[in-house]
Every structure is written in structure tokens, then in C-alpha cells.
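Visitor: Dumping the structure here so I can ask a few things about it.
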Amino acid sequence: MTESKSIIQFPKETSNGAFKRQKSVFREFIQEDSKYIPEKERYHLYLSYACPWAHRTLIVIALKELESVISTSFVDPIRSNKGWQFGSNDSRYYDSINEFNYLMEAYKIMDTEYNMRVTVPVLWDKQTKQIVNNESSDIIIMLNSQFNKYTNSKLNLYPEEHKIEIDELNQYIYSNINNGVYKCGFATIQKVYESEVENLFNALDKIELSLEGKTYLVGAKLTLADIRLFVTLIRFDAVYFNHFKTNRQHIYEYTNLWNFVKLLYNNEKVRPTVKFDEIKDHYFKTHPFINPSGIVPVGPSIIERLIP
């Protein structure tokens, strides 16, 4: 098989016309009395501005003021057939921690036989030179709770009294919205695609109703549930609407969902984490099986709608 053919295949998780996301395989936790104890400047996050799963962790770092505690570096938004890649030492995508050329190198350190898709975020331990965790839902919980002694932030995004409700909502949003857009975009059979679109918009309609008269999803303050929803909604009109064919309705046509997106986007710590140029470059240039030309649309003018 030639390289030009391998790059146009649908993801390995696509079978029988439907997309089923692979599970994260590295699930160690940073906590006291463990192999990985909370320490300042010990851990590093490999991220992508384009990826919504990585974006979750970047937002939590910003909100929790952990920039001096957890170092970060970013992969090139355009993923090749070898996966997420880094740039040369004069590039903003340079890996100054390990000087990897591809993120796959980190995975191979953990498992020389690893042959699944390489994903971000990756939480890396600079001390043991190992991957601690590559599951974003785990990482944001750790970032919220395990480094509080190193930050002045008193923000708690996962309060004990709301954990059950947050967990239940997170599971619903993940299955039907976060991953739901991918189920639409990577479907290869018409009936499967139509079913997934119906499911996605039923979920969006449900969350729209749940936000009536409310600012946030759970309680009166920002939580991890809000962040997990936001990273998908902020990409929806700019990318998913066209690229993943989720074009039944724009998010800006929903009253409550759009107010929610604007609120979070205009948070002074959140807005700098949103890079529309990298988001669009990634999706439109990385999936030639969906967009063979690699042309990146000039619109829509999302930022003008977002800023009051």
C-alpha cells in the first residue's frame, strides 16, 4: 500500500458505516502516595489547539492558573499519516522536552508494539520519562484537584456536592455531542449518518432546554461539564456544520446554547485558548477522505458573532 492511499482511509474506528472511538490505554493518576505524586514542574502536557479533547485540558490549566506548574507544548495542527507531528527547533511546534519528531515516539516508549491511533492530550512525566495518562477526562480532574497547593486559584470545577450530576451529564454530552459530531462526520452509510444526525440534534435540543433560565449546566458556577460541552460547541459552526455535515442548524441559531458559548468564549482566560485558524486547518486539511481538495473555507465569521 502506498503512502498516498493510506492517508485517504477512514479512521480505524470506522466499521460497518459507523464510528466507534478507541479507548485510551494509559490511565495512571497523579495523587499523593502514588508513583506519580503532585509536584511543580514535573509534568508536561502534549497538546493541540485544534483538538477538542486537548482543548479541555488547556482551558483547565488557564482557569486554575497552572501555567507555571504544568509545562505544555503543541503539535502541528495538520496531522500526517504518521500522526501528530512536531516541528523543527525554530518552530512553535517544537518539542523542547524530548525533541520528538512525532508524538508516536512517546507511545512507543510505553509500548513498542503500539499500533493504534495516537491521540492528544498526553500527560507526560519528565522524571520517569513516561506517559502518565492520555485520557482527557482523567487529566482535567487531576488538574482541578491535585495541584492546588501550587496555585493561587480557589476555583473548584468539580465540587463534591455536584459530582454525580456532573458525571451523568458528562456521559450524556460525550456520547451524544462531543463524540456525536464525529459519528456524523465519519459515517460511511447514509442511514447511519442520518440516524447519528438525528441523535446529535435531539441532544442539542435537550441541552438547549436544560439551559433555560440558567447560566451553567450544573449549579450556579462553572464546572467541568461546561468546559466539556464548550469545546465542541465552539467548533460547531466553524467546522462541524460543513465538514461533518451537521448542517441541520447552527449553534448560533439556538438562544441558550449560543449565550452559553459567548459567555465562556468571552472569559478572559478561555478566549486565548481558542485558535480558529488551527482548528480549521486541522479538520479541513487532515481528513482528505472528507475534503480531498484540502481547501479551508474562508468563513463563517464566527468571531464577530461571539464578541459583544
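Visitor: Which of the residues belonging to region 223-261 are assigned to a loop (DSSP other than H, G, I, E, B) and surrounded by fewer than 22 Cβ atoms within 10 Å (Cβ to Cβ)?
Guide: 245, 247, 248, 249, 250, 254
Visitor: Quick test for you: out of 278, 268, pick the one residue that is within 24 Å of residue 63 (Cα to Cα) and part of a loop (DSSP other than H, G, I, E, B).
Guide: Just a single option satisfies the conditions, and that option is 268.
Visitor: Would you check which residues across region 182-199 are among the aromatic types (Phe, Trp, Tyr) and in a helix (DSSP H, G or I) and list them? If you could, list the steps in order and put the result at the bottom.
Guide: Initial filter on region 182-199 (among the aromatic types (Phe, Trp, Tyr)): 182, 186, 193.
Correct list: 182, 193.
Visitor: Okay, moving on. Please go through region 160-192 and give me each residue that is more than 22 Å from the chain's Cα centre (by Cα) and hydroxyl-bearing (Ser, Thr, Tyr), ordered by number.
Guide: Of everything in region 160-192, just one residue is more than 22 Å from the chain's Cα centre (by Cα) and hydroxyl-bearing (Ser, Thr, Tyr), namely 188.
Visitor: Only one residue in 225, 220 is in contact (Cβ under 8 Å) with a residue 24 or more places away in the chain and among the small types (Gly, Ala, Ser). Which one?
Guide: On the way: 220 fails: in contact (Cβ under 8 Å) with a residue 24 or more places away in the chain.
Result: 225 is the single residue among 225, 220 that is in contact (Cβ under 8 Å) with a residue 24 or more places away in the chain and among the small types (Gly, Ala, Ser).
Visitor: Looking at region 168-179, which of its residues are under 20 Å from residue 250 (Cα atoms), assigned to a helix (DSSP H, G or I) and in contact (Cβ under 8 Å) with a residue 40 or more places away in the chain?
Guide: 173, 174, 177, 178
Visitor: Is it the case that residue 165 is assigned to a helix (DSSP H, G or I), modelled with pLDDT of 95 or more and surrounded by 22 or more Cβ atoms within 10 Å (Cβ to Cβ)?
Guide: Considered against the rule, which asks whether it is assigned to a helix (DSSP H, G or I), modelled with pLDDT of 95 or more and surrounded by 22 or more Cβ atoms within 10 Å (Cβ to Cβ), residue 165 comes out as no.
Visitor: Any chance region 49-68 includes a residue that's among the polar types (S, T, N, Q) and either free of Cβ contacts under 8 Å to residues at least 40 places away in the same chain or surrounded by fewer than 21 Cβ atoms within 10 Å (Cβ to Cβ) (or both)? Steps first, answer last, please.
Guide: Looking only at region 49-68, we keep the residues that are among the polar types (S, T, N, Q), and these are 57, 68.
From what is left, the residues that are either free of Cβ contacts under 8 Å to residues at least 40 places away in the same chain or surrounded by fewer than 21 Cβ atoms within 10 Å (Cβ to Cβ) (or both) are 68.
Yes, region 49-68 has at least one match.
Visitor: Among the residues of region 137-176, which ones are more than 12 Å from residue 60 (Cα to Cα) and among the hydrophobic types (A, V, I, L, M, F, W, C)?
Guide: Correct list: 164, 166, 169, 173.
Visitor: Any residue in region 142-160 that is within 30 Å of residue 281 (Cα to Cα) and at pLDDT below 95?
Guide: Taking every residue of region 142-160 in turn, none turns out to be within 30 Å of residue 281 (Cα to Cα) and at pLDDT below 95.
Visitor: Regarding residue 307, is this residue crowded, with 17+ Cβ neighbours inside 10 Å, under 27 Å from residue 214 (Cα atoms), β-branched (Val, Ile, Thr) and modelled with pLDDT under 95?
Guide: no
Visitor: Tell me yes or no: at least one residue of region 254-274 is modelled with pLDDT of 95 or more, among the aromatic types (Phe, Trp, Tyr) and touching an Asp or Glu at 6+ places or on another chain (Cβ under 6 Å).
Guide: Yes, the conditions are met somewhere in region 254-274.
Visitor: Sticking with this structure for a sec: Out of the residues in region 124-159 meeting the condition of being within 23 Å of the chain's Cα centre (by Cα) and among the β-branched types (Val, Ile, Thr), tell me which one is farthest from residue 95 (Cα to Cα).
Guide: If we take residues in region 124-159 being within 23 Å of the chain's Cα centre (by Cα) and among the β-branched types (Val, Ile, Thr), then 141 is farthest from residue 95 (Cα to Cα).
Visitor: Considering only region 181-211, state which residues are surrounded by 14 or more Cβ atoms within 10 Å (Cβ to Cβ), over 18 Å from residue 254 (Cα atoms) and in contact (Cβ under 8 Å) with a residue 12 or more places away in the chain.
Guide: Listed by number, the residues that qualify are 182, 183, 184, 185, 186, 187, 188, 192, 193, 196.
The values are calculated or read from the model by the stated rules, or taken from the named source; none is laboratory data. Just so it is clear, the model here is predicted, and its values are computed rather than measured. For neighbour counting, all protein chains shown are included, and Cβ atoms are generated from backbone atoms with ideal geometry for every residue, glycine included.
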